Amino acid sequence: MDFSFSEEQDELRATLRSFFARYSTENDVRRIAESGEGYDPDVWRRLGGDLGLQGLAVPEELGGSGFGYAELGVVFEEMGRALLCAPYFATVALAAETLLRCGDEQAAKDYLPGICAGGTVATLALTEEGGAWTEAGVQLAASARNGGWTLAGAKTYVPDGHLADLLLVAARTERGVSLFAVDGAARGLERTALPTLDQTRGQARLEFFNTPARLIGEEGGAWPGIERALATAAILLAAEQVGGAAAALDTAVEYAKVREQYGRPIGSYQGIKHLCADLLTELESARSAAYGGLWVLDAHDEAEVRTAAALAKVYCSEMFTQVASGSVQIHGAIGFTWEHPAHLYFKRAKSSEVFLGTPAHHRSLLAAELGI
């Protein structure tokens, strides 16, 4: 496999890094995270209007640009480096992917152009009280009523659920798990932002009181499409984790070069050298896992997608936590302070470790795929 990037993809990376260096500085991240607003509307409009990122990998006939997952992976990797505070993952990796996999062409035509243009913030509401990203975990009830559908129950830990204009909700009917679209301003919907360890990525609890909803796809047939969308999202999250880990390690290495103890930079001591080398080895191995997943997505190798996704999610989740923790260790006492950015990456690492399912959950999925 050749995981090298083309000249155009390298140019995309350079453009994004320059953009985020201007619009997602540490001060920007702290301001948005502490305000609870979730994102900067002006930056969100620029992501869609100036860069066209919301529709990057969506087919042109649905309002997107028709690029591949390698390009989308570059976007998530650079967003991970910058700790961008925006509902991009929820909108693109979860909602847009679910619409592309739901088997409902009309719904895709109705909703994806708005997402691609940057006018619609969307998310997937799947998890409930148990927090499981599984078919069995879907218990929210959907009922047919007066030629339409209503939802009753609750979802929680919904990424950017308090911000979304469009909610794609997994619910259970007599025929099984089904997918529904709910307007963010629908009657009978109550949304509450949740306190989170990682303030850079919002979560919400959604309560439905006979809330009107639109059935997407076939009743009872939603889970295969949702499961496939989650596999794609896991690979994109792995790319984001690689970006965050790379930024944390770069910061630690630069600090080791300039921080002196006993008249020498701490990076000259064997213990710090070995730690940096070990963290770099883990990072590059995880990068291969994430890039391998992107390659599988672009190769349309459906037989390997779930295997690649589980592998990437496990390795990159554990690697990011290890690197972020190592970065704090290298920085010493200052790395534990609120004023230093090391804790921002550590919190993102811990939250993304369990996001979309824990490493243990994905190990079980990997074992099932491999038949062991």
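Rule-based calculations on the coordinates, nothing more; no lab input. Please read all numbers here as calculations on a predicted model, not as lab measurements. FYI the Cβ positions are ideal-geometry reconstructions off the backbone, even for glycines, and counts take in every protein chain you see.
Quick one: compute the contact order of the stretch 1-76, relative version, from alpha carbon pairs under 8 angstrom and 6+ residues apart, as a percent.
Once normalised by length, the contact order is 24 percent.
From the helices alone, meaning DSSP H stretches of at least four residues, give me the mean residue ellipticity at 222 nm for the chain, per-run term -39500 (n - 2.57), in deg cm²/dmol to the nearest 500.
The helix contribution divided over the chain gives -17000 deg cm²/dmol.
What is the local net charge at Y69, summed over the other residues whose Cβ is closer than 11 Å to its Cβ (Lys, Arg +1; Asp, Glu -1)?
-3
Apply 1/(1 + (r/R0)^6) to the Cβ-Cβ distance of A21 and A144, taking R0 = 56 Å, and write down the FRET efficiency to the nearest 0.05.
After rounding to 0.05, the efficiency reads 0.65.
If I take R0 = 35 Å and measure r between the Cβ atoms of A132 and A186 in this structure, what FRET efficiency does the formula 1/(1 + (r/R0)^6) give, to the nearest 0.05? Don't jump to the answer; show the numbers that get you there.
Working: r = 25 Å, r/R0 = 0.72.
With a Förster radius of 35 Å, E is 0.90.
Order the peptides 64-73, 348-357, 319-328 from the highest to the lowest mean number of other Cβ atoms within 10 Å of their residues.
319-328, 348-357, 64-73
Which of the peptides 183-195, 123-135 is most tightly packed, and how do the rest follow, judged by the mean count of other Cβ atoms within 10 Å per residue?
Per-residue mean Cβ counts within 10 Å order the peptides as 123-135, 183-195.
With labels modelled as points extended 7 Å from the Cα through the Cβ direction, what inter-label distance (nm, one decimal) is found for E105 paired with I372?
My value for the distance between the label points is 4.2 nm.
Using the basic label-point model (7 angstrom from Cα toward the beta carbon), what is the Q270 to L194 distance in nanometres?
Output for this residue pair reads 4.7 nm.
Could you tally up the Lys pairs in the chain with alpha carbons closer than 23 Å? Skip any pair fewer than 8 positions apart unless they're on separate chains.
Close lysine pairs found across the chain: 4.
Counting other C-beta atoms within 10 Å, which of T15, T337 has the fewest, and how do the rest follow?
T337, T15
So how strong a dipole does the chain carry about its Cα centre when Lys and Arg Cβ are +1 and Asp and Glu Cβ are -1, to the nearest 20 debye?
Working: 31 positive and 49 negative charges, 211 e Å.
Charge dipole of the chain: 1020 debye, to the nearest 20.
Given a 10 angstrom Cα cut-off, can you work out which residue in F20, F76, F336 is the most mobile in a GNM of the chain?
For the chain, modelled as a Gaussian network with Cα springs under 10 Å, the answer is F336.
Ranking request for peptides 24-32, 5-13: highest mean number of other beta-carbon atoms within 10 Å first, then the rest in descending order.
Working: 24-32: 16.1, 5-13: 13.3.
Most protected by this proxy first, the peptides run 24-32, 5-13.
Under the 0.36 nm per residue contour assumption, what length would be gained going from the current alpha-carbon distance of E37 and R259 to full extension?
76.3 nm
For the chain, return all DSSP H helices satisfying: extent of Cα atoms along own axis at least 27 Å; mean Kyte-Doolittle hydropathy at least 0.5.
Numbers: long enough: 223-258 (52 Å, 0.73); 270-298 (42 Å, 0.22); 302-331 (43 Å, 0.28).
The answer, listed by residue number, is 223-258.
Arrange Y23, Y262 by Cβ neighbour counts within 10 Å, fewest through most, would you?
Y262, Y23
Once you put a point 7 Å from the Cα of D298 and another 7 Å from the Cα of S6, both along the Cβ direction, what distance in nm separates them?
So the two model labels end up 0.8 nm from each other.
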